[in-house]
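Q: Once you've had a glance at the structure underneath, I'll fire off some questions.
The values are calculated or read from the model by the stated rules, or taken from the named source; none is laboratory data. Since this is a predicted model, take the numbers as computed values, not measurements. Virtual Cβ from ideal backbone geometry, glycine too; neighbours counted across all protein chains shown. All accessible areas refer to the heavy atoms of the entire protein, side chains included, with ligands and DNA or RNA removed. Shrake-Rupley method; radii C 1.70, N 1.55, O 1.52, S 1.80 Å.
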Amino acid sequence: MIIVLKPGAPSETVDELLASIADKGLKPLHLPGAERVVLGALGDERVLAQLQLESHPMIESVKPVLAPYKLVGRELHPQDSIVSIGPLAIGGGEFAVIAGPCSVETPEQMLASGRAAKEAGAGALRAGAFKPRTSPYEFRGHGAEGLRILRSVGDELGLPVVTEVMDAADVELVAESADALQIGARNMQNYTLLSAVGRIRKPVLLKRGMSARLDELLLAAEYLLAGGNDQVILVERGIRTFETATRNTLDLNAIPYIKQRSHLPVLVDPSHGTGVRDLVIPMALAAAACGADGLLVEVHVNPAVALSDGPQSLYPDQFAELMRRLRPVAEAVGRSVA
Ligand code: PEP
Ligand code: MN
């Protein structure tokens with residue numbers, strides 16, 4: 001329920017109303033605005049009828065929250081959320097770029113790839129230590145050792161680091177080394193993992209499942225916010241369609257659709273979204289043009305020998321070209337690129 005108070009409602013009234021919402025077993029939300037205070041009540045809204053809020057002298061209106069993703073939706077939270085990964089603010093006026101190799105392979109590969117990302121202007125470094133792979137015989141990441149390598153490269157370059165967590169049992173371990181956790185496409189509906197990541201207080205990148213609808217993505221994010229972690233960034237990374245020319249079909253409809261309904265920042269991953277290196281730059285530019293808050297992009301110092309996702313990884317000079325070409329596109333839609 002959205003409860004809009006009249007202008008000038010005293011703080012005692014706000015406190016009393018919040019307490020009576022909590023007394024009814026609902027979760028109270030306090031959303032002070034520039035002109036008036038809005039309160040939220042989450043849970044079984046029928047019990048609120050007993051409070052007869054409509055006839056309260058300091059209440060202007062009482063409306064139900066229509067979207068099923070109540071914390072993720074804009075109804076209770078109309079202004080954009082900004083989620084910061086170290087110094088990189090995502091969801092504000094700047095277009096954020098997180099770049100790096102698919103996997104942490106060696107300290108040398110990680111440092112050279114990270115340096116290329118940083119020199120071209122990336123604001124954070126990505127790389128997987130725990131890798132979800134379709135075949136059990138493929139490289140599945142260096143695990144804890146990969147986390148150590150990533151952390152030390154991030155520290156050396158002065159960049160915050162993002163890496164995937166695949167298992168609820170590893171959330172603490174990954175959160176100790178990473179500045180932000182990634183929940184991969186294959187785990188978007190792993191509700192045990194979502195609940196575990198909802199309990200920590202670190203930013204999280206939630207990737208859309210390859211066959212997930214947008215309402216399912218938004219409800220997966222709702223798990224994180226309902227658990228108390230509101231530092232959530234959504235990532236469109238392409239979906240499965242009948243098209244086989246590309247690894248996935250990058251669904252750019254998702255960007256304005258989500259931005260209209262949710263206050264959370266949205267990134268686009270044109271690397272997994274296409275699976276084809278030469279399609280990454282044009283789709284990254286398209287992502288900026290349609291209102292994404294930034295990119296998650298794979299860059300490798302030598303993609304030919306990459307242990308995962310080489311064919312979709314940009315060469316360092318291509319990444320530098322992408323960063324150059326992004327600026328005018330981002331500026332045309334009112335954003336700057338750091
Ligand atoms: C990745 O970012 O390397 C990755 C495995 O992505 P996704 O979960 O989108 O496939
Ligand atoms: Mn990858």
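Q: Given the criterion on the phi < 0 side of the Ramachandran plot, without any contact (Cβ under 8 Å) to a residue 60 or more places away in the chain and touching a Pro at 6+ places or on another chain (Cβ under 7 Å), identify the matching residue among Arg213, Arg186. First the steps, then the outcome.
A: Working: Arg213 fails: touching a Pro at 6+ places or on another chain (Cβ under 7 Å).
The unique qualifying residue is Arg186.
Q: Which of the residues spanning segment 91-123 are in contact with an Asp or Glu (Cβ under 6 Å, 6 or more places away or on another chain) and away from ligand 1 (no atom under 16 Å from the Cβ)? Outline the logic, then answer.
A: Looking only at segment 91-123, we keep the residues that are in contact with an Asp or Glu (Cβ under 6 Å, 6 or more places away or on another chain), and these are 91, 102.
Of everything in segment 91-123, just one residue is in contact with an Asp or Glu (Cβ under 6 Å, 6 or more places away or on another chain) and away from ligand 1 (no atom under 16 Å from the Cβ), namely Gly91.
Q: Pull out all pairs, ordered by first then second residue, where Cβ-Cβ is under 7 Å, the residues are six or more apart or on different chains, the first lies in segment 99-111 and is assigned by TED's automatic domain parsing to the domain that holds Val162 and away from ligand 2 (no atom under 12 Å from the Cβ), and the second is assigned to a helix (DSSP H, G or I) and charged (D, E, K, R).
A: Leu111/Glu156
Q: Identify, by number, the condition in (1) open to solvent by 50 Å² or more (accessible area, probe 1.4 Å); (2) more than 16 Å from ligand 2 (Cβ to nearest atom); (3) not hydrophobic (A, V, I, L, M, F, W, C) that Asn190 doesn't meet.
A: (1)
Q: Another one. Determine which member of the set Glu94, Glu35 is surrounded by fewer than 19 Cβ atoms within 10 Å (Cβ to Cβ), without any contact (Cβ under 8 Å) to a residue 40 or more places away in the chain and away from ligand 2 (no atom under 16 Å from the Cβ).
A: Details: Glu94 fails: without any contact (Cβ under 8 Å) to a residue 40 or more places away in the chain.
Just a single option satisfies the conditions, and that option is Glu35.
Rundown of residues vs (1) in contact with a His (Cβ under 7 Å, 6 or more places away or on another chain); (2) open to solvent by less than 10 Å² (accessible area, probe 1.4 Å), yes/no style:
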{"site": "Ala129", "(1), (2)": "yes, yes"}
{"site": "Leu147", "(1), (2)": "no, yes"}
{"site": "Asp167", "(1), (2)": "no, no"}
{"site": "Leu217", "(1), (2)": "no, yes"}
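Q: Please tell me if Asp230 is assigned by TED's automatic domain parsing to the domain that holds Ala185 and either without any contact (Cβ under 8 Å) to a residue 12 or more places away in the chain or within 16 Å of ligand 1 (Cβ to nearest atom) (or both). Even if it seems obvious, please write down each step before you answer.
A: Values: assigned by TED's automatic domain parsing to the domain that holds Ala185: yes; either without any contact (Cβ under 8 Å) to a residue 12 or more places away in the chain or within 16 Å of ligand 1 (Cβ to nearest atom) (or both): no.
In short, no.
Q: Further, regarding this structure: Determine, yes or no, whether Ala245 is surrounded by fewer than 22 Cβ atoms within 10 Å (Cβ to Cβ), within 12 Å of ligand 1 (Cβ to nearest atom) and within 26 Å of Ser308 (Cα to Cα). Reasoning before the result, please.
A: On the way: surrounded by fewer than 22 Cβ atoms within 10 Å (Cβ to Cβ): yes; within 12 Å of ligand 1 (Cβ to nearest atom): no; within 26 Å of Ser308 (Cα to Cα): yes.
Criteria not met by Ala245.
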